[in-house]
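For reference, the structure discussed in these notes is given below.
The values are calculated or read from the model by the stated rules, or taken from the named source; none is laboratory data. None of these values were measured; they are calculated from a predicted model. Because the Cβ atoms are built from the backbone with ideal geometry, glycine has one as well, and the counts that use them run over all protein chains shown. Please note that ligands, DNA and RNA were not included when accessible areas were found on the heavy atoms of the full protein model with its side chains. Shrake-Rupley method; radii C 1.70, N 1.55, O 1.52, S 1.80 Å.
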Amino acid sequence: MAEQANTTLNRRDSRRSKRVLFLTLALLLLGTLALPLTGYLVTGVSSVEAAAAQQDASSNPRADYWREVREGNQGVTTTQGPEAGILIQNGGQNWRQIRQGPVTTYGAIGLGVVILMMVIFHVVVGRAKLETRTGKTITRWSMLDRVLHWYVAILFIILAITGISLLFGREFLIPVLGKEGFAAFAALAKPVHDYLSLFFTAGITIMLLKWIGQNIPNAADVRWILSGGGYFGGKHEPAGFVNGGEKVWYWILFIGSTAMIGSGIFLLFPNLDWTREAMQNANIIHGISGLLVIAGSIGHIYLGTIGNEGTLEGMVTGEVDEQWAKQHHALWYEEVKGSTSSAGGAARPSPAAPHE
Amino acid sequence: MARMKFLCDAERCIECNGCVTACKNEHEVPWGVNRRRVVTLDDGVPGERSISVACMHCTDAPCAAVCPVDCFYTTDDGIVLHDKDLCIGCGYCFYACPFGAPQYPQKEAFGVRGKMDKCTFCAGGPEDDGSAAEFEKYGRNRIAEGKLPICAEMCSTKALLAGDGDMVADIYRERILKRSTRPQTWGWGVAYKADS
Ligand code: HEM
Ligand code: SF4
Ligand code: SF4
């Protein structure tokens, strides 16, 4: 008899889990907006109200009772703890399936593909060399810009490595380091990720805000992107201070790190008593946006170092060769030259100024 | 081999919290950590029922699936245990667990939680059976002593059953036949779904 009850339960469960999966996906979309409100939803449904409402609505209190249990309604308990009154929380199983399934699988494949694409790009297209070196340089990045960039970049790399260690370590690092070895590393990686995230948040916020003006897209960017930045033959559409590709990266980083920081807060402060549902959704958003910005950063790092001769020195010394400026940012070069001849010496016009 | 399971008979549970107290005492569980709890639904209205819940020692356990350091293991008796020496206190098992079983000694800013603690079905941990180190980290290992979990042993109405799943189901089946109530193997659909 108990077995019989189990099979009917199972059938009901599988139907229910499909419904719950669908609901969770819908929730993910609403994710960031709705998350802060979920706490109210759960605490709002006090058990007595719910029970009373149910009593009116239907005639079988016992069946209602077990439905309440399965739907994760909050009961009364003397035990103090996060969501202690909830007997069954259904979201965890969906979270597990999404994290251990698509996020981990497609995440790993995605990062692999991006790296492979860079290798293929390097083999096929190769390094964009400077035609000549004039020996004359123009100032491109101020000291403040460079400090911001490297501060954020270093923290980014540490966060990315510690973050993906938590996500993929079990699959990729435990076979190499062993369980003890990996646990020792993870026990360090976790607090490092947790504490450095604050410094990263501060740095990237300032950097993104400081550079937002020069990253507003314009018609020249569209032409630049459509021509593939001149990397694949054809005309190299002239670009302003920031080209179309760099602007795409800026906005990936902007959206990605906003999602990253927003969701990270839910994971970072368990003391704020978020619901498990909020933390499950935050983890998925954090994982996906993390992978997105890591993928973007691989492209950015390749193009900024090996991919283009002379780009790295701009961010290191602040100075670029005039030839580099002509080749990669012709509109900006003309602008600088124009303003130097008229104003005599001001090397770098405000990047916020229109480039056309 | 036995397959250990918990079953709480909601027709019998009187919300005395004896199981909770027995557990805390047996394992000297620290403040703020509750390996077992009793939840009452429909409190104060007709149809009120209470259930005692702890780790259900799931088949294909969600906690074990998500743990970044892979520190869970299932004993031959189907008991889900974890290794506190490996645990990094990330909280993921708590996100995944349907029953809210994983507990943390701390809950502070910057994700500080401390090592996860949960019901062990009174089966200790990876340390030597009955050792001081095992007791300190996981509590008493009653299973190694040939005893069943203290919560079920102490239950005044024998609402809470612990032991081999088949035997527990037999006892429960006998009860529902006698009192002709509908069967409700609470939580089994969620915890042991992968069994069938
Ligand atoms: C470069 C930016 C970042 C990247 C690439 C990144 C990536 C990741 C990844 C991949 C995980 C593991 C997710 C999983 O295992 O499912 C993770 C976890 C986490 N991240 Fe980030 N993250 C970044 C920035 C941040 C920021 C800004 C915050 C906080 C505001 C943050 C807070 C957290 C927290 C709290 C966790 C959970 C780890 C734990 O405490 O157990 N992260 N991150
Ligand atoms: S009840 Fe929770 S902690 Fe226990 S085995 Fe199942 S998922 Fe893991
Ligand atoms: S808190 Fe510990 S046991 Fe739980 S998932 Fe994290 S590392 Fe594993």
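Details
- Segment B:93-114 - residue that is within 14 Å of ligand 2 (Cβ to nearest atom) and in a loop (DSSP other than H, G, I, E, B) and, of those, nearest to A:Ala184 (Cα to Cα): B:Tyr104
- For segment B:11-31, the count of residues that are in a strand (DSSP E or B), open to solvent by 10 Å² or more (accessible area, probe 1.4 Å) and more than 16 Å from ligand 3 (Cβ to nearest atom) is zero.
- Close pairs from segment B:84-100: first closer than 13 Å to A:Ala84 by Cα, partner of a type in the set (Asp, Glu) and more than 12 Å from ligand 2 (Cβ to nearest atom), Cβ under 7 Å, at least 6 apart: B:Gly100/A:Glu83
- Restricting segment B:9-34 to residues that are under 12 Å from the mean Cα position of the chain (by Cα) and facing chain A (nearest Cβ under 10 Å), the residue that is farthest from B:Gly163 (Cα to Cα): B:Asn34
- Counted residues, segment B:106-132 - those being touching a residue at least 12 places away in the same chain (Cβ under 8 Å) and more than 16 Å from ligand 1 (Cβ to nearest atom): 12
- Lone qualifier among B:Cys90, B:Cys58 - being within 13 Å of ligand 3 (Cβ to nearest atom) and assigned to a loop (DSSP other than H, G, I, E, B): B:Cys90
- Screening B:Gly44 with (1) open to solvent by 10 Å² or more (accessible area, probe 1.4 Å); (2) more than 7 Å from every other protein chain (Cβ to nearest Cβ) gives one miss only, at (2).
- Which listed residue is more than 20 Å from the chain's Cα centre (by Cα) and polar (S, T, N, Q), from A:Gln100, A:Gln93: A:Gln93
- Verdict on B:Leu161 being outside any loop (DSSP other than H, G, I, E, B), of a type in the set (A, V, I, L, M) and either open to solvent by 80 Å² or more (accessible area, probe 1.4 Å) or away from every other protein chain (no Cβ under 14 Å) (or both): no
- When restricted to residues that are surrounded by fewer than 24 Cβ atoms within 10 Å (Cβ to Cβ) and modelled with pLDDT of 95 or more, segment B:105-116 contains 1.
- Residue match in segment B:95-102 (condition: farther than 17 Å from B:Pro62 by Cα and in contact with an Asp or Glu (Cβ under 8 Å, 6 or more places away or on another chain)): no
- Any chance A:Glu180 is within 14 Å of chain B (Cβ to nearest Cβ), over 22 Å from A:Met315 (Cα atoms) and more than 25 Å from the chain's Cα centre (by Cα): yes
- Among the residues of segment B:66-85, just one is surrounded by fewer than 23 Cβ atoms within 10 Å (Cβ to Cβ), out of contact with any Pro (no Cβ under 9 Å at 6 or more places or on another chain) and of a type in the set (A, V, I, L, M), namely B:Ile79.
Conditions (1) touching a Leu at 6+ places or on another chain (Cβ under 9 Å); (2) free of Cβ contacts under 8 Å to residues at least 12 places away in the same chain; (3) part of a helix (DSSP H, G or I), marked per residue:
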position	(1), (2), (3)
A:Leu155	yes, no, yes
A:Ile158	yes, no, yes
A:Ile164	yes, no, yes
A:Ser197	yes, no, yes
A:Phe200	yes, no, yes
A:Trp224	no, no, yes
A:Val242	no, no, no
A:Ile252	yes, no, yes
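- Subset of segment B:47-62 that is within 15 Å of the chain's Cα centre (by Cα) and without any contact (Cβ under 8 Å) to a residue 40 or more places away in the chain - its residue that is nearest to ligand 1 (Cβ to nearest atom): B:Pro62
- Of all the residues in segment A:136-154, those that are of a type in the set (A, V, I, L, M, F, W, C), open to solvent by less than 80 Å² (accessible area, probe 1.4 Å) and over 14 Å from A:Ala202 (Cα atoms) number 2.
- Enumeration of residues in segment A:121-143 that are under 32 Å from the mean Cα position of the chain (by Cα) and among the aliphatic types (A, V, I, L, M): A:Val123, A:Val124, A:Val125, A:Ala128, A:Met143
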